[in-house]
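> Okay, handing you the structure first.
Each value in this text was obtained by applying a stated rule to the coordinates, not by laboratory testing. Please read all numbers here as calculations on a predicted model, not as lab measurements. Note: ideal-geometry Cβ built from the backbone for every residue, glycine included; neighbour counts use all protein chains shown.
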Amino acid sequence: MAALRRSLLFVPGGEPRKLERAREAGADTVIFDLEDAVAPPQKAEARRHVAAALRAGGFGVTEAAVRINAPGTAECDADLEAVVESGGRTIMVPKAERVEEITRVVETLQRLERGRAGEPGSKLLLLVESPLGVAQALAIGRCAPGIEALCFGHADFALQLGLPDADPSRGIIYHARCALVLAAKACGLAPIDTVHLAVKDEAGFREDAARGLHLGFEGKLCIHPRQVEIANAVFTPGPAQIEYARRVIAAWEDARASERGVFTLDGKMIDAPLVAVQRRVLERARRAGALPDTSEA
């Protein structure tokens, strides 16, 4: 089963203090960023800092991931080598848009991992940031083993389209978010929503995260620690959702005992597919620690 990734916090790879503090942020995943957050002259130094953080460990239940530089760049292979040698397991691939580029990354990883016989291979999070990436999302999501999530990056997407307004809640960016969810689900992957750039706008972040949840996203990229707790809360089923899911499943069991395939609860018709949805709610709540493992699923 893929990791639970409600909150994925970007941390600049060139800032050792932030790398250290990331362990305490409470994010499901911290992403040490070697790409956009690091100026070209500082890439090698940032790579050393990130490698040291990975070797040091101490992340507890938090997943440590690394956003490498884009496939085809001079830094990409060096990033991959540093991550594998440092024991890193999860890699975010930015600018994901071509099957051949993703398969090359996977082939490089497989070559580097040959010395780790018997150990699991790397997990990939593909960051889709362009019109081509959205158009090819289904293909790249299926192109190689180890891919676990499709993530959306709306800022670069808006830049490539020449949009003066990069509001992800409307227009073609909103459409792209929907398309990415469909592609991810079709591939059996987790869709991860884009960042909210206004770091002090906690209400706006909560609203945007809730919008993403209703679109079908399973988590959200974060750019500041203050966003983490909100993302975790939004993408964890609340008490009312859990109680309703339990009621649906209890009513379903009663219906089955009466040899009925459809029943009514609170004035709404419910059948097997809707029951399955509520089972998923309980499973997600369990994985997030919101309900005991012994609870009904």
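> With contacts defined as alpha carbon pairs under 8 Å and 6 or more residues apart, what's the relative contact order of the chain in percent?
Computed over the chain, the figure is 15 percent.
> Run the simple label-point estimate for Leu163 and Arg260 please: 7 Å along Cα→C-beta, distance reported in nm.
4.6
> Provide the gained length on full extension for the span Arg287 to Glu20, in nm with one decimal, where the gain is 0.36 nm per separating residue minus the Cα-Cα distance.
Working it through step by step, the gained length comes to 93.5 nm.
> Residue separation times 0.36 nm, minus the C-alpha to C-alpha distance between Tyr244 and Arg114: what's the value? Mind showing how you got there, number by number?
Values: separation 130, 0.36 × 130 = 46.80 nm, distance 4.82 nm.
Stretched fully, the Tyr244-Arg114 segment lengthens by 42.0 nm.
> Taking only pairs that are 8 or more places apart or on different chains, how many Lys pairs in the chain have Cα atoms under 24 angstrom apart?
Close lysine pairs under the 24 Å cut-off: 13.
> What distance in nm separates the two pseudo spin-label positions at Ala52 and Arg211, each 7 Å out from Cα along the beta-carbon direction?
Distance between label points: 4.1 nm.
> Need one number: nm distance between label points at Arg226 and Lys185, each 7 Å from Cα along Cα→Cβ, rounded to one decimal.
A separation of 3.3 nm, rounded to one decimal place.
> Another question, then. Tell me, what is the FRET efficiency for Val277 and Ala203 to the nearest 0.05, using R0 = 25 angstrom and their Cβ-Cβ distance as r?
So, using R0 = 25 Å, E works out to roughly 0.30.
> What would the Debye equation give as log₁₀ I(q)/I(0) for the chain at q = 0.08, 0.10, 0.11 Å⁻¹, counting only Cα atoms as equal point scatterers?
Values, matching the q order: -0.37, -0.57, -0.68.
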